[in-house]
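The values are calculated or read from the model by the stated rules, or taken from the named source; none is laboratory data. Everything numeric here is computed off the predicted structure, so don't read it as measured data. Cβ atoms come from the backbone with ideal geometry, glycine included; neighbour counts cover every protein chain shown.
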C-alpha cells in the first residue's frame, strides 16, 4: 500500500523500524468512539499571504479536511478545532506568544490582510463544534480543556489532522498518545511548509504513536462507526 513517505525513507530505515515495531502496512487500530481534532487550519497556516502559510499544500489539505469533516458530521462524532486565541482577545503579550523561533516574521504583515488566526472559511465550525484556543503552544492539549472534553464524550480514538504536520499536528498527536487515545492520521488532511519534514514526521508518527492512513480508509472507518450506532 502506498504511503506518503515512499521514496523518502531509506529501505534500511524502514527495515530497522519493521524489526522492532511491526510492519508498516499493519491493520489500523481503532475504537468505537472517535472524535475529530482539526489542528490550526487557519488562514495564517493555509495561505501563503501569511508568513506561516503555504498555499500549495494548505489548500489541498483544506479540501481533504472538508471531505472528512462532512463525513464526521454525518456520523455525528464530536468535532474540535484548534487555533491560537479568541477573536475578542487583546494582543498577546510576549510571554503568551512564547519562544517561537519565527517571532520576527510576524512583524511584516500587510495591513490589508484579514486576521490570520481564523479557521479557514471552507471548514467554518458549526453549532455544537468546539474551538480550542491553545495560545502560543503547539499541542491542542497543552493548557486547554481538550482532554476533559474528550473524557466527557467517552472518546477512545482521536482522528487528528491539520497544519503543520511536523509542528502542531505532531505535538497534538504525541499528547493524545500519551493520554492513551488511539490516534488516526489521514495523511491527505495534513500539510506542512516543508515536504521532507511532512513525510518524515508522518513516517515517524506511524512507527511510534499513530496509524497514518488514507482519507478513504478514515471515511470507511467512520462509515462502520455510523453503521454500528
task: Give the residues of region 193-222 that are within 19 Å of residue 66 (Cβ to Cβ) and in contact (Cβ under 8 Å) with a residue 24 or more places away in the chain, sorted by residue number.
output: 213, 214, 215, 217, 218, 219, 221, 222
task: Test residue 167 against the stated conditions and say whether it is within 19 Å of residue 62 (Cβ to Cβ) and crowded, with 24+ Cβ neighbours inside 10 Å.
output: no
task: Among what's in region 134-151 and is in contact with a strand residue (DSSP E or B) (Cβ under 7 Å, 6 or more places away or on another chain) and within 13 Å of residue 172 (Cα to Cα), pick the residue that is surrounded by the most Cβ atoms within 10 Å (Cβ to Cβ).
output: 140
- prompt: What single numbered condition from (1) in contact (Cβ under 8 Å) with a residue 60 or more places away in the chain; (2) part of a loop (DSSP other than H, G, I, E, B); (3) surrounded by fewer than 18 Cβ atoms within 10 Å (Cβ to Cβ) fails to hold for residue 100?
  reply: (1)
statement: Within region 27-40, the residues that are in contact (Cβ under 8 Å) with a residue 40 or more places away in the chain, within 20 Å of residue 225 (Cβ to Cβ) and assigned to a loop (DSSP other than H, G, I, E, B) are 28, 29, 30, 31, 32, 33
task: Could you look through region 157-178, keep only residues that are free of Cβ contacts under 8 Å to residues at least 40 places away in the same chain and farther than 18 Å from residue 200 by Cβ, and pick out the one that is nearest to the chain's Cα centre (by Cα)?
output: 175
- request: Go through region 112-229 and tell me which strands (runs of 3 or more DSSP E), entirely inside it, have 2 or more residues that are out of contact with any helix residue (DSSP H, G or I) (no Cβ under 9 Å at 6 or more places or on another chain) and at pLDDT 95 or above.
  value: 130-133
task: Return a yes/no flag: does region 47-59 have any residue that is touching a residue at least 40 places away in the same chain (Cβ under 8 Å), surrounded by fewer than 20 Cβ atoms within 10 Å (Cβ to Cβ) and in contact with a strand residue (DSSP E or B) (Cβ under 8 Å, 6 or more places away or on another chain).
output: no
task: Report whether or not residue 49 is assigned to a loop (DSSP other than H, G, I, E, B) and either farther than 22 Å from residue 198 by Cβ or at pLDDT below 95 (or both).
output: yes
- prompt: What single numbered condition from (1) touching a strand residue (DSSP E or B) at 6+ places or on another chain (Cβ under 8 Å); (2) surrounded by fewer than 17 Cβ atoms within 10 Å (Cβ to Cβ) fails to hold for residue 208?
  reply: (1)
